[in-house]
Amino acid sequence: MIPLIKFNNVSIQRGKNTLFSNLNFTVTSGHITVILGANGAGKSSLLLAMAGLIPVLGDIDLMGKPLQLYHPYDRTQLIAWQGELPPTEFGLTVEQRLCLVNDCPKRINHVASDMDITILLSRALAQLSSGELQRVELAALILRDAPIWLLDEPTSHLDLKHQIHFVHTLKKHSTKGRDIILILHDLQQAKVLADFLILIDTQGDVHYGKCEDLFNRQTLTQTFDASLVDQESALMPDYGVTIS
């Protein structure tokens with residue numbers, strides 16, 4: 001399997017806290033990789049490190065070349081990042097926001113239709129709900145057309161209809177050869193999407209492997225420090241009640 005991102009003795013600090021020490025693993029190309037872990041485990045920091053957006057100790061290789069040797073512009077051509085929702089007080093409309101990424105009207109209209117935001121194009125970003133704004137940002141990510149997507153909880157604000165649609169969108173782009181690494185909290189979405197998993201437990205230990213090997217009750221219970229139960233072959237949180 002072709003290496004996409006390789007961590008070589010990488011340590012990550014945020015402020016005075018050491019989140020990870022001496023990480024060594026390789027994310028393979030040609031797959032969807034889902035990062036799972038509890039709040040505060042360091043998922044977003046790990047993703048930021050992959051994008052070269054925060055400093056680290058050690059070496060991270062991107063497509064066989066040290067990440068720090070890429071010119072920032074070249075790195076942005078390879079990696080499209082989607083994280084927290086951006087500020088909206090600058091007065092931009094949805095269409096103006098998308099034009100900042102790609103000024104081809106035909107392409108914008110196509111992606112806007114696919115992301116169900118055509119009706120929003122003339123609206124100001126400040127007038128949108130969190131779910132609408134997230135769909136706009138995901139449309140902007142698609143318009144970037146970068147070969148690598150790094151996404152931090154891309155479905156967190158979406159309603160069920162648009163969550164399902166975006167899961168299909170990720171699958172579609174993956175089959176076309178795009179490398180996708182994303183953080184999720186929804187275990188069912190993770191199971192549907194992931195070829196590989198990165199699990200971060202509450203002790204800061206990172207486990208990387210095939211979804212079929214890591215997606216099980218014992219491993220995920222340890223990762224989240226929470227009880228899980230099997231219901232109709234789907235792992236769900238154990239709330240102490242039966243969900244019919």
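The values are calculated or read from the model by the stated rules, or taken from the named source; none is laboratory data. On a predicted model such as this, the values are computed, not experimentally measured, just so you know. As a convention, Cβ positions derive from the backbone with ideal geometry for all residues, glycine included, and neighbour counts pool all protein chains shown.
Of note:
- The range 78-102: number of residues that are touching a Pro at 6+ places or on another chain (Cβ under 9 Å) and not charged (D, E, K, R): 5
- Residues of the range 40-61 that are of a type in the set (A, V, I, L, M) and farther than 16 Å from ILE198 by Cβ: LEU53, ILE54, LEU57.
- Candidate set: the range 145-179, residues that are aliphatic (A, V, I, L, M) and more than 19 Å from ASP114 (Cα to Cα); chosen: the one surrounded by the most Cβ atoms within 10 Å (Cβ to Cβ): LEU150
- Residue within the range 209-217 that is touching a residue at least 40 places away in the same chain (Cβ under 8 Å), surrounded by fewer than 16 Cβ atoms within 10 Å (Cβ to Cβ) and not in a helix (DSSP H, G or I) present: no
- Verdict on LEU100 being hydrophobic (A, V, I, L, M, F, W, C), in contact with a Phe, Trp or Tyr (Cβ under 9 Å, 6 or more places away or on another chain) and under 25 Å from ILE183 (Cβ atoms): no
- For the range 96-112, the criterion of being farther than 24 Å from LEU47 by Cα, of a type in the set (Gly, Ala, Ser) and at pLDDT 95 or above is met by at least one residue.
- Counted residues, the range 6-62 - those being free of Cβ contacts under 8 Å to residues at least 24 places away in the same chain and of a type in the set (Lys, Arg): 1
- The set of residues in the range 69-89 that are touching a residue at least 24 places away in the same chain (Cβ under 8 Å) and more than 25 Å from GLY58 (Cα to Cα) comprises GLU84, LEU85, PRO86, THR88, GLU89.
- Long-range neighbours under 8 Å by Cβ, at least six apart or interchain, first residue closer than 23 Å to THR28 by Cα within the range 146-170, second acidic (Asp, Glu) and modelled with pLDDT under 95: ASP152/GLU84
- The test for being surrounded by fewer than 21 Cβ atoms within 10 Å (Cβ to Cβ), among the aliphatic types (A, V, I, L, M) and over 29 Å from ILE32 (Cα atoms) does not hold for LEU85.
- Of all residues in the range 167-176, none are of a type in the set (D, E, K, R), in a loop (DSSP other than H, G, I, E, B) and at positive phi.
- Residue count for the range 108-131, restricted to those that are among the charged types (D, E, K, R) and either in contact (Cβ under 8 Å) with a residue 60 or more places away in the chain or closer than 18 Å to LEU170 by Cα (or both): 2.
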